Structure formats: C-alpha cells, structure tokens
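The structure appears below as structure tokens.
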Amino acid sequence: MRAPMAPAATLAVTTRVLNQLRRDHRTMAMLIVIPCVLLTLLWWMFDGDDQTFNRFGPPLLAMFPFIIMFLVTSVTTLRERSSGTLERLLTTPMGKADLLAGYALAFGAVAVLQAVVAVVLTVGLLGMDVRGPIWVLAVVAVLDAILGSALGLLVSAFAATEFQAVQFMPAFVLPQVLLCGLFVPRESLPDVLSVVSDVLPLSYAVDAMREVQTESSWTSGLSVDVGVIAGSGLVALALASATLRRRTA
Amino acid sequence: MTNNSGVTPRSAHVVPRHRADHRADSEQQSPVARPLDAEAAVVVERLHVARGGRTVLPELSFTVPRGQVTGLLGPSGGGKTTLMRALVGVQRVTSGQVRVLGLPAGTPALRSRVGYVTQSPSVYGDLTVAENLRFFARLLHAPFTDIEAVVGQVDLAGHADDLVQRLSGGQRSRVSLAVALLGRPEMLVLDEPTVGLDPVLRRDLWEMFHRLADEGTTLLVSSHVMDEATRCDRLLLLREGELVADDSPGVLLDRTGAVDVESAFLAVIDARTDRRAEVPA
C-alpha cells in the first residue's frame with residue numbers, strides 16, 4: 001500500500017508555498033517587520049525602565065510570532081479550500097499529511113527568518129537582558145511560530161469562511177494570551193484557571209522564554225517546555241491531518 | 001529543473017494498442033474469469049447522493065465505455081458536478097456503487113490514473129503557468145517533459161512564464177485543463193472545460209479530446225451547451241439527478257425525430273412528463 005507520507009510530495013508543497021510567499025512582497029515584509037515594530041513600541045513605552053521591558057519582552061517575543069503565524073496560516077489554508085485547489089489536491093496521490101507537513105515546513109522556514117530578526121533586535125539593539133544562550137531564545141521563538149502555524153492549520157479545517165477563520169483568533173489565541181502568565185503569574189491564578197493554563201501550549205512558550213532569560217544554561221525545565229511546545233505542534237498537525245476529509249458533502 | 005522520468009506510473013499505462021492486445025490475449029487464455037481491465041471505464045450502480053438534506057442523485061445507474069468521449073449534458077443544478085465528484089472520489093455518497101477503471105472510485109491507486117478538472121479553474125493564481133504545472137507534476141509523479149507538451153496541447157505555449165492571475169478567464173481554465181493532462185491519465189473527468197472559450201479554441205479542444213480518445217483515453221466531459229453534444233461519441237442527459245437519455249447523438253436524434261440535440265432533449269423530457277401524467281389516471 002501507499003505510504004501516508006512521501007518526502008517528495010511534502011517538499012513539493014513547501015516549495016510551492018514559499019514560491020507564493022516570495023511573490024507576495026507585502027505579506028513577507030509584514031511577517032518580518034510587524035513583530036519588530038511591536039517589540040520596539042514595547043521598549044519605547046517603558047522608556048528607560050529596563051526592568052519592566054525585561055519582564056514583558058520575553059513573553060511577547062514568544063507571543064507575536066505565535067499569533068501572526070496562526071493568522072497567516074489559517075487564512076492561507078482557507079484560501080486553498082475556497083479556490084478549489086484543495087479539492088484537486090485531494091484527487092492526486094498526495095497524502096493529506098504531506099499537505100500539512102509541507103505547509104508547516106514552509107511557514108517554519110519563514111518563522112526562522114522572523115524569529116532571528118526579532119531576537120537580534122530585542123537583544124542586540126533594544127538591550128533586553130538574557131542570561132542563557134541567545135540561540136536558544138531564537139529556537140524557542142521558531143518553535144512558537146511553528147506551533148502557531150500548526151494550530152492555524154488545525155482550526156482552518158473547521159472554518160467555512162474567512163469571517164469564521166479570523167474569529168478563531170480571539171477564540172483560540174486570546175485565552176492563551178490571558179492565561180500564559182503575562183498579566184498574572186501562573187502560580188497566582190485561581191486553581192481552576194491554573195489547571196487550564198497548564199494545558200495551554202502558549203504557557204510553556206512563555207515559561208521557556210523566561211527560563212532562557214534567567215538561567216545561564218539549558219535546564220531540565222527548559223527541556224520540558226520545549227518538549228511540550230514541539231509536541232503540541234505535532235499533535236495539532238496530526239489532528240489537522242485526521243480531520244481533513246477527502247470526501248465532503 | 002531535472003527530469004524525474006524514472007517515475008512515470010501514469011504514462012506507463014498509456015500504451016493503448018499494446019494494452020488492447022494484452023487484454024485480448026488474457027481473454028483467450030481464461031475466458032471465464034474476465035479481467036478487471038475489460039470492465040467499462042465507469043460502472044455506476046444505484047448511486048444515491050444527498051447534499052444538505054436534499055437528494056441530488058436519486059438512484060443512478062449507467063456505464064461509460066472506454067476510449068470514447070462521453071458527454072454529460074443537462075441543465076445546471078441537474079447533478080453533473082456531483083456525479084463527477086463521486087467519480088473522482090471527493091463526493092460523500094449515501095449508497096450505491098461507483099467503479100472507475102475496474103476499481104472502487106476514490107481508491108488511492110486511481111488517483112494517478114484519473115485526471116479531474118473542476119468547473120472553476122483550480123490552479124494557483126499567484127504562480128506562473130510553468131510553476132503550477134511543475135508543482136502538480138511532482139505530486140502526480142509525471143515527468144517534467146510532459147509540461148511543455150501539455151502547455152502546447154492547450155495552446156498556451158507563449159504564456160508559460162505568465163502569472164495565472166494575469167491571464168484571461170478562458171486561459172486560466174486551460175491551465176487547469178493542462179494540469180489534468182499531466183502524466184497522460186487513462187481517464188479524464190472534465191467539468192465544463194469549454195465554458196467561456198471562443199469557437200476556434202472550443203473546436204481545437206474537442207479535436208484534442210478525440211485525439212486522446214483515439215489513443216485510448218476515456219473522457220467524460222460535462223457541458224450545458226447542447227450544441228457540443230454532437231461532438232461526443234455518446235451522450236448522457238442528466239436532469240434533476242435522473243438519467244433521461246443514454247445514447248449516441250445519432251441514435252438519440254433518430255429516436256426522437258428531432259433536428260438537433262436540444263430539441264431531442266426537450267422531446268425526451270416531454271415524453272417522460274406525459275408518461276408520468278398518465279400514471280395516476
């Protein structure tokens with residue numbers, strides 16, 4: 001029998017998505033520039049107050065790529081559905097997992113660019129204090145962005161229109177933003193919310209960023225956080241692949 | 001770009017003469033067990049499809065012969081697209097059997113043997129014609145040498161490096177058709193491929209359809225333009241999900257005594273309506 005995935009098909013999808021993004025200069029510029037502008041705005045807001053910037057910088061460095069990639073991915077895949085190309089793809093030998101993995105790889109590549117630029121800006125120019133290795137900060141940011149893409153791919157399967165797709169942002173992302181420890185430390189949340197916070201992947205993204213900031217080496221806590229972020233991304237992709245139906249009504 | 005012609009399962013099937021010979025041989029050797037290959041290209045038995053609680057295809061049974069151009073005609077909303085989606089395995093069906101090239105419709109093994117063109121062009125507007133074809137060729141395991149050939153077949157040779165979104169509607173639908181031709185599939189399911197094309201192009205495309213059929217390809221082509229019916233070897237007239245005629249154009253005209261297919265279609269429907277009206281009486 002045919003394997004559920006084929007590297008050639010996955011790479012074909014990745015190449016195609018990157019080709020499309022390469023043509024869309026405005027989207028590419030926004031993907032790179034917007035996180036930088038927002039982080040600079042944050043730095044400017046706390047004009048001279050390095051302590052506060054250091055407190056908010058890491059969580060937001062985790063959050064911006066996550067949110068942006070979630071939005072971009074859910075809209076892109078919806079476009080694939082409404083243009084009829086998804087239906088055509090499903091009549092080809094390509095596996096469903098190839099499509100999703102291909103998308104994840106393409107957006108992952110964009111995420112690397114986005115994260116490296118954002119990290120260089122916040123640490124290099126804006127002077128955010130980081131004890132741990134800078135590259136770990138970038139790795140965590142990339143994983144956050146990929147997690148955002150994976151969740152975007154998952155929810156786009158449930159969106160029938162652009163309106164619905166955009167609404168998934170407040171529905172799936174904002175609760176994670178509220179409970180990730182940015183506003184209230186996770187330990188201080190009411191018991192129920194603390195448990196909810198424990199199962200939301202963005203909480204681990206923010207924890208990981210804080211860990212890199214305060215610890216000078218790779219800790220076991222960081223391993224757990226990174227494992228949870230990567231694992232959630234893979235689970236989201238697997239679910240997205242399982243919920244994509246070849247036959248529709 | 002390199003040519004990955006080492007993997008060409010699609011084109012490997014298109015050796016019609018040879019395949020026909022082989023079929024005759026195996027029939028001689030075992031006259032009882034009919035090889036699957038000898039089955040009609042499409043066998044539909046008691047197909048029932050409902051969409052959104054409404055029955056689109058009540059109970060459809062028919063066959064499509066191999067190596068011919070079969071026209072699927074009828075007014076829009078009659079179930080043509082739903083039927084074609086069922087053949088390529090993307091339509092959820094309630095009951096009934098659909099077999100394509102001897103296998104249940106939608107079987108993974110069929111996906112590289114059947115080319116499908118949706119009614120609205122399903123290609124990427126923000127890629128060039130060549131980029132679209134290269135992408136689909138990789139998914140279909142078709143050799144890159146096919147790309148130039150199919151671009152020529154749909155008369156877009158000068159447009160290979162144009163962005164699809166800059167092309168006209170008719171050109172876009174031809175890009176979509178070109179994708180389906182990649183790898184020379186044994187069967188083509190084409191949903192209204194000639195809509196919005198000028199008469200010269202329409203004639204050229206129909207000539208190409210027949211050329212492909214002569215080489216052994218089976219084509220099922222839908223249209224709501226009745227004058228295209230005479231270009232088909234065989235006609236299926238679908239109205240409100242029911243097959244009202246299944247004949248060659250000549251037989252249909254003879255049987256109804258009509259001057260053209262449109263009048264024949266009306267005659268067939270009138271006859272059915274009369275019959276129905278008589279039943280309660």
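Name the residues in region B:193-207 that are in contact with a helix residue (DSSP H, G or I) (Cβ under 6 Å, 6 or more places away or on another chain) and crowded, with 16+ Cβ neighbours inside 10 Å, would you?
Matches in region B:193-207: B:193, B:194, B:197, B:206.
Listed by first and then second residue, the pairs with beta-carbon distance under 8 Å, at least 6 apart or on different chains, first residue in region B:108-136 and free of Cβ contacts under 8 Å to residues at least 12 places away in the same chain, second among the aromatic types (Phe, Trp, Tyr), are B:131/B:124; B:135/B:124.
Candidates in region A:159-209 are the residues that are under 17 Å from residue A:232 (Cα atoms) and outside any helix (DSSP H, G or I); of these, the one that is least open to solvent (accessible area, probe 1.4 Å) is A:180.
Each row is one residue, and each column tells you yes or no for (1) of a type in the set (Lys, Arg); (2) part of a helix (DSSP H, G or I); (3) open to solvent by 10 Å² or more (accessible area, probe 1.4 Å).
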residue: A:89; (1), (2), (3): no, yes, no
residue: A:94; (1), (2), (3): no, no, no
residue: A:115; (1), (2), (3): no, yes, no
residue: A:129; (1), (2), (3): no, no, yes
residue: A:145; (1), (2), (3): no, yes, no
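If we keep just the residues of region A:1-19 that are exposed (fewer than 14 other Cβ atoms within 10 Å of the Cβ) and in contact (Cβ under 8 Å) with a residue 60 or more places away in the chain, which is nearest to the other protein chains (Cβ to nearest Cβ)? Out of the qualifying residues, it is A:2. Of the conditions (1) at pLDDT below 95; (2) more than 14 Å from chain A (Cβ to nearest Cβ), residue B:94 satisfies every one except a single condition; which number is it? Only one criterion in (1) at pLDDT below 95; (2) more than 14 Å from chain A (Cβ to nearest Cβ) is unmet by residue B:94, namely (2). When you look at residue B:97, is it among the polar types (S, T, N, Q) and free of Cβ contacts under 8 Å to residues at least 60 places away in the same chain, yes or no? It is true that residue B:97 is among the polar types (S, T, N, Q) and free of Cβ contacts under 8 Å to residues at least 60 places away in the same chain.
Listed by first and then second residue, the pairs linking a residue in region B:58-85 that is over 13 Å from residue B:190 (Cα atoms) and in the same structural domain as residue B:100 (by TED's automatic domain parsing) to a residue that is of a type in the set (Phe, Trp, Tyr) and open to solvent by less than 50 Å² (accessible area, probe 1.4 Å), with Cβ atoms under 9 Å apart and 6 or more places separating them unless they lie on different chains, are B:74/B:265.
Within region A:64-87, the set of residues being farther than 18 Å from residue B:126 by Cβ, open to solvent by 10 Å² or more (accessible area, probe 1.4 Å) and away from chain B (no Cβ under 11 Å) comprises A:64, A:67, A:68, A:71. Suppose the filter is in contact (Cβ under 8 Å) with a residue 60 or more places away in the chain, within 19 Å of residue A:31 (Cα to Cα) and assigned to a helix (DSSP H, G or I); does residue A:105 pass it? So residue A:105 fits the description; yes. Listed conditions (1) at pLDDT 90 or above; (2) open to solvent by 20 Å² or more (accessible area, probe 1.4 Å); (3) more than 14 Å from every other protein chain (Cβ to nearest Cβ); (4) within 30 Å of residue A:90 (Cα to Cα) are all met by residue A:22, apart from (3).
Residues in region B:136-185 that are assigned to a loop (DSSP other than H, G, I, E, B) and away from every other protein chain (no Cβ under 14 Å): B:154, B:155, B:156, B:160, B:167, B:168, B:184.
The values are calculated or read from the model by the stated rules, or taken from the named source; none is laboratory data. Remember, predicted model here, so these are calculated numbers, not experimental data. Virtual Cβ from ideal backbone geometry, glycine too; neighbours counted across all protein chains shown. Calculation scope for accessible area: heavy atoms of the full protein, side chains included, ligands and nucleic acids excluded. Shrake-Rupley method; radii C 1.70, N 1.55, O 1.52, S 1.80 Å.
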